[in-house]
Amino acid sequence: MSESGDGRGKILNFNVGVLGHVDSGKTSLARALSSTASTAAFDKNPQSRERGITLDLGFSSFTVDLPEHLRDCGATQQYDSLQFTLVDCPGHASLIRTIIGGAQIIDLMMLVVDVVKGMQTQTAECLLIGELTCSRMVVVLNKTDLLPPNKRESAIEKMTKRLHKTLEGTRFKDCPVIAVAAKPGGPEAPDTEEAQGVTELIQLLKKQTFLPQRHPGGDLLMAVDHCFSIRGQGTVMTGTILQGSLAINDTVEIPALKVTKKVKSVQMFRKPVPGAMQGDRVGVCVTQFDPKLLERGVVCTPGSLHTLHAAVISVRKIGYFKGSLATRAKFHITVGHETVMGKVTFFGLPPAAVPEPPTDNQPPPAELPDAPFTFDREYFYQDEYATGQGETGSGLEPQQWALVEFERAVTCPSLCLVIGSKLDSDIHANACRLAFQGRLLQGFEDKSYAESALPRLRIYKTKHKEGQVERVTDDYTVIGRNLFKKETNLQLFLGLKVTLSTGESGVIEGGFGQSGKFKIRVQEGLLPETKQTLSSSSKKKGKGGSKGGSEDEPKTDSTPVGIHLHFKRYVFDPHKKMVQS
């Protein structure tokens, strides 16, 4: 909420993300919609101007009268007008990390689709990001001027139907679709050409607005997208307040640089204001700070953000991602407003603890209560993310987590959205590069977290070794072989329980000789049948070397008695101890 400086009273700020495939006309649409452009609007990057594509998040705004339905919900006590802030996200494939950075501040998404080309790979990726980050969407079919006038209506209708079909399985099912020509004649056409359908789009956007949940409380977190100096005044950082609030004379921290600064003045779209809160787009002026040090990043309440070297996250695979998610694989991890490479280790509840797939009258998976992550519980190490194995084809996926180890430290708030992608895959391939999403649950700030923190993480692998009984020494003792290598330190295995294939249980008592053989104590004593089997097989062995071995010897006698050793080992246990439940 903010006071404007021109007598228009209080303005409600509403952030609209403009996403879509490269060349779908997003920037032209933002230009057509905007009456006021903020300092960061319409990408000033020379490379972008040259190539006609947006390389950075552009911001611009326009203000309208407060819609009727917002008056009805009591908003008039707070606001007098509605300001749309358009966040023009780049569509260029390799810049997906920027889109994710921008998507986290969006109330409503405007997905721009080229009416001639329809849905393309990047359009689908933008749709996915929208699903993860906001609850409402409007689809804008752009470039209708490229359709032949006599076929225009039917082509728009056909594309609208196709899009509704695509959106059926998403949270945006039944979302409105509107056709426009933001820049008739294309980018080269003179500006005298009037945009078509934009007035109707503004009306539609007004209808789609709601009162966003804005809370001034809590620590400040502001996403900065642009930084520049004004001679005689200081350095201005423009961005959007993601949480909390700020006011003149507050002290803020730039955690990436580990410096704190005092807020000298605050502006909203070039109008001075005493302060601003969550959801507002602001320019914040501080002194004695070099703008080159921070083009984009975050600003926060001093001490409220943490710099992490690794983190435990909840994880859900993105359905459109075709590859498997393998442990130890590296992904581009977008967390807060940073994208870094990270190595991932997947883990889940032990198989017995995974809930049954829901029956027809149970809630769908998304509504099942999730078990919180805790260091007190044991988790099962997974070689890869486990996909749904529901017998009914429900595809219910067991709840899973991942340890992410960052290649360089990241600064981010707790519980923030995490997205894992494969941004290095071929940008021209018709495949989704977003792999998984989740929330950051537990961060590790210590650089030597592998020694200090990971041993607390009780992720285990189950191990199974098999050997054979070589011979019986008495009713309670057998000698085993082939369970260990000659060089194995048997001391580590003393006292571990084993079972024989004939049913008895025993305990490893110690080594026997130098070749990796070992002694097993069978507390309850060997069964008579076992002794018989073992003695006949040792007789057979005795005969086996001579030519006169009986051919009528029953085959079963030659089957050795197996020894089974089951144990688990904690992946991060520095002592590599073996544990049996």
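Could you say which residue among Val198, Val236 is open to solvent by 10 Å² or more (accessible area, probe 1.4 Å) and either in contact with a Ser or Thr (Cβ under 8 Å, 6 or more places away or on another chain) or hydroxyl-bearing (Ser, Thr, Tyr) (or both)?
Values: Val198 fails: either in contact with a Ser or Thr (Cβ under 8 Å, 6 or more places away or on another chain) or hydroxyl-bearing (Ser, Thr, Tyr) (or both).
So the residue among Val198, Val236 that is open to solvent by 10 Å² or more (accessible area, probe 1.4 Å) and either in contact with a Ser or Thr (Cβ under 8 Å, 6 or more places away or on another chain) or hydroxyl-bearing (Ser, Thr, Tyr) (or both) is Val236.
Among the numbered criteria (1) surrounded by 13 or more Cβ atoms within 10 Å (Cβ to Cβ); (2) modelled with pLDDT of 95 or more; (3) not hydrophobic (A, V, I, L, M, F, W, C), which one does Arg471 miss?
Arg471 satisfies all of (1) surrounded by 13 or more Cβ atoms within 10 Å (Cβ to Cβ); (2) modelled with pLDDT of 95 or more; (3) not hydrophobic (A, V, I, L, M, F, W, C) except (2).
Just a yes or no: is a residue in the range 35-51 at pLDDT 75 or above and in a loop (DSSP other than H, G, I, E, B)?
First, the residues of the range 35-51 that are at pLDDT 75 or above: none.
No, the range 35-51 contains no residue that is at pLDDT 75 or above and in a loop (DSSP other than H, G, I, E, B).
Give me the residue from the range 478-494 that is assigned to a loop (DSSP other than H, G, I, E, B) and open to solvent by less than 60 Å² (accessible area, probe 1.4 Å) and, out of that set, farthest from Gln532 (Cα to Cα).
Kept after step one, since they are assigned to a loop (DSSP other than H, G, I, E, B), are these residues of the range 478-494: 482-489, 494.
So of that shortlist, the ones also open to solvent by less than 60 Å² (accessible area, probe 1.4 Å) come out as 483-484, 488.
Details: Leu483: 23, Phe484: 26, Thr488: 31 Å.
The qualifying residue farthest from Gln532 (Cα to Cα) is Thr488.
For the range 406-422, enumerate the residues that are open to solvent by less than 50 Å² (accessible area, probe 1.4 Å) and either farther than 15 Å from Gly342 by Cβ or of a type in the set (S, T, N, Q) (or both).
Thr411, Pro413, Ser421
Name every residue in the range 216-259 that is within 30 Å of the chain's Cα centre (by Cα) and hydroxyl-bearing (Ser, Thr, Tyr), in order of residue number.
Thr238, Thr240, Ser245
Among what's in the range 1-26 and is at pLDDT 75 or above and of a type in the set (Val, Ile, Thr), pick the residue that is surrounded by the most Cβ atoms within 10 Å (Cβ to Cβ).
Among residues in the range 1-26 that are at pLDDT 75 or above and of a type in the set (Val, Ile, Thr), the one surrounded by the most Cβ atoms within 10 Å (Cβ to Cβ) is Val18.
So, Lys262, is that one surrounded by fewer than 20 Cβ atoms within 10 Å (Cβ to Cβ) and touching a residue at least 12 places away in the same chain (Cβ under 8 Å) or not?
Details: surrounded by fewer than 20 Cβ atoms within 10 Å (Cβ to Cβ): yes; touching a residue at least 12 places away in the same chain (Cβ under 8 Å): yes.
Yes, satisfied.
Could you check how many residues of the range 266-292 are open to solvent by less than 40 Å² (accessible area, probe 1.4 Å), out of contact with any Phe, Trp or Tyr (no Cβ under 7 Å at 6 or more places or on another chain) and in contact (Cβ under 8 Å) with a residue 24 or more places away in the chain?
The qualifying residues number 15.
Would you point out the residue of the range 315-339, among those that are under 23 Å from Pro398 (Cα atoms) and β-branched (Val, Ile, Thr), that is modelled with the lowest pLDDT? I'd like the intermediate steps shown before the answer.
Residues of the range 315-339 under 23 Å from Pro398 (Cα atoms): 315-331, 333.
Checking the rest, the ones that are also β-branched (Val, Ile, Thr) come to 315, 318, 327, 333.
On the way: Val315: 95, Ile318: 89, Thr327: 97, Ile333: 93.
The selected residue is Ile318.
How many of the residues in the range 542-573 are at pLDDT 60 or above and in a helix (DSSP H, G or I)? Step through it out loud before you land on a result.
Within the range 542-573, the first condition is being at pLDDT 60 or above, and the residues that meet it are 558-573.
With the extra rule that they be in a helix (DSSP H, G or I), the set shrinks to 558.
Adding up the residues that qualify gives 1.
Quick one: count up the residues across the range 423-468 that are open to solvent by 40 Å² or more (accessible area, probe 1.4 Å), assigned to a strand (DSSP E or B) and in contact with a helix residue (DSSP H, G or I) (Cβ under 8 Å, 6 or more places away or on another chain).
Within the range 423-468, residues that are open to solvent by 40 Å² or more (accessible area, probe 1.4 Å), assigned to a strand (DSSP E or B) and in contact with a helix residue (DSSP H, G or I) (Cβ under 8 Å, 6 or more places away or on another chain) number 1.
Which condition from (1) small (Gly, Ala, Ser); (2) closer than 19 Å to His337 by Cα; (3) at pLDDT 80 or above; (4) open to solvent by 10 Å² or more (accessible area, probe 1.4 Å) is the one that Gly130 breaks?
Only one criterion in (1) small (Gly, Ala, Ser); (2) closer than 19 Å to His337 by Cα; (3) at pLDDT 80 or above; (4) open to solvent by 10 Å² or more (accessible area, probe 1.4 Å) is unmet by Gly130, namely (4).
Out of all the residues in the range 295-317, is one or more closer than 30 Å to Glu405 by Cα and touching a helix residue (DSSP H, G or I) at 6+ places or on another chain (Cβ under 7 Å)?
Looking through the range 295-317, at least one residue is closer than 30 Å to Glu405 by Cα and touching a helix residue (DSSP H, G or I) at 6+ places or on another chain (Cβ under 7 Å).
Take the residues of the range 213-225 that are more than 19 Å from Gly303 (Cα to Cα) and open to solvent by 40 Å² or more (accessible area, probe 1.4 Å): which is modelled with the highest pLDDT? Steps first, answer last, please.
We begin by selecting, within the range 213-225, every residue more than 19 Å from Gly303 (Cα to Cα); these are 213-215, 225.
The next check asks that each one be open to solvent by 40 Å² or more (accessible area, probe 1.4 Å); those that pass are 213-215.
Working: Gln213: 77, Arg214: 77, His215: 80.
The qualifying residue modelled with the highest pLDDT is His215.
Could you grab the pairs with beta carbons closer than 7 Å, sequence gap of 6+ or different chains, first residue in the range 396-409 and on the phi > 0 side of the Ramachandran plot, second one open to solvent by 10 Å² or more (accessible area, probe 1.4 Å)?
Taking only residues 6 or more apart or on different chains, not a single pair turns up.
Please specify each residue of the range 499-522 satisfying the condition of being assigned to a strand (DSSP E or B), closer than 14 Å to Val561 by Cα and within 48 Å of the chain's Cα centre (by Cα).
Quick first cut of the range 499-522, residues assigned to a strand (DSSP E or B) only: 499-500, 505-512, 517-521.
Then drop every residue that is not closer than 14 Å to Val561 by Cα, which leaves 499-500, 505-506, 520.
Result: Thr499, Leu500, Ser505, Gly506.
Out of the residues in the range 266-296 that are among the charged types (D, E, K, R) and assigned to a strand (DSSP E or B), which is nearest to Asp250 (Cα to Cα)?
Of the residues in the range 266-296, the ones among the charged types (D, E, K, R) are 270-271, 280-281, 290, 292, 295-296.
Narrowing the set further to residues that are assigned to a strand (DSSP E or B) leaves 271, 281.
Values: Lys271: 19, Arg281: 17 Å.
For the range 266-296, the residue satisfying everything is Arg281.
If I filter the range 481-498 for residues that are of a type in the set (S, T, N, Q), within 30 Å of Pro350 (Cα to Cα), modelled with pLDDT of 95 or more and in contact with a strand residue (DSSP E or B) (Cβ under 9 Å, 6 or more places away or on another chain), do I get at least one hit?
Within the range 481-498 (the criterion being of a type in the set (S, T, N, Q), within 30 Å of Pro350 (Cα to Cα), modelled with pLDDT of 95 or more and in contact with a strand residue (DSSP E or B) (Cβ under 9 Å, 6 or more places away or on another chain)), the answer is no, since none of the residues qualifies.
Return the only residue of Val312, Val252, Val299 being assigned to a strand (DSSP E or B), more than 18 Å from Val418 (Cα to Cα), modelled with pLDDT of 95 or more and β-branched (Val, Ile, Thr). Quick ask: steps written out before the conclusion?
On the way: Val312 fails: more than 18 Å from Val418 (Cα to Cα); Val299 fails: modelled with pLDDT of 95 or more.
Sole residue among the options that is assigned to a strand (DSSP E or B), more than 18 Å from Val418 (Cα to Cα), modelled with pLDDT of 95 or more and β-branched (Val, Ile, Thr): Val252.
Report every pair of residues separated by at least 6 positions or lying on different chains whose Cβ atoms are under 8 Å apart, first residue within the range 443-461 and of a type in the set (Gly, Ala, Ser), second open to solvent by 30 Å² or more (accessible area, probe 1.4 Å).
Qualifying pairs under 8 Å: Gly443/His306; Gly443/Ser414; Ala450/Phe572; Ser452/Asp446; Ala453/Asp446.
Restricting the search to the range 138-151, which residues are under 20 Å from Phe14 (Cβ atoms) and buried (at least 23 other Cβ atoms within 10 Å of the Cβ)?
The first filter runs over the range 138-151 and keeps only residues under 20 Å from Phe14 (Cβ atoms), leaving 138-140.
Within the range 138-151, Val139, Val140 meet the criteria.
Quick one: is Leu167 surrounded by 13 or more Cβ atoms within 10 Å (Cβ to Cβ), in contact with a Cys (Cβ under 8 Å, 6 or more places away or on another chain), within 22 Å of Lys117 (Cβ to Cβ) and at pLDDT 75 or above? Before you say what the answer is, go through the steps one by one.
Details: surrounded by 13 or more Cβ atoms within 10 Å (Cβ to Cβ): yes; in contact with a Cys (Cβ under 8 Å, 6 or more places away or on another chain): yes; within 22 Å of Lys117 (Cβ to Cβ): yes; at pLDDT 75 or above: yes.
It is true that Leu167 is surrounded by 13 or more Cβ atoms within 10 Å (Cβ to Cβ), in contact with a Cys (Cβ under 8 Å, 6 or more places away or on another chain), within 22 Å of Lys117 (Cβ to Cβ) and at pLDDT 75 or above.
Within the range 239-249, track down each residue that is at pLDDT 90 or above, open to solvent by less than 40 Å² (accessible area, probe 1.4 Å) and of a type in the set (Gly, Ala, Ser).
We begin by selecting, within the range 239-249, every residue at pLDDT 90 or above; these are 244-249.
Still in the running and open to solvent by less than 40 Å² (accessible area, probe 1.4 Å): 244, 246-247.
If the condition is that a residue be at pLDDT 90 or above, open to solvent by less than 40 Å² (accessible area, probe 1.4 Å) and of a type in the set (Gly, Ala, Ser), then Gly244, Ala247 are the ones that fit.
The values are calculated or read from the model by the stated rules, or taken from the named source; none is laboratory data. For clarity, every value in this text was computed on a predicted model and none was experimentally measured. Here the Cβ is made from the backbone with ideal geometry for all residues, glycine too, and neighbour counts use every protein chain on show. When the accessible area is computed, the model is the full protein with side chains, heavy atoms only, and any ligands, DNA or RNA have been set aside. Shrake-Rupley method; radii C 1.70, N 1.55, O 1.52, S 1.80 Å.
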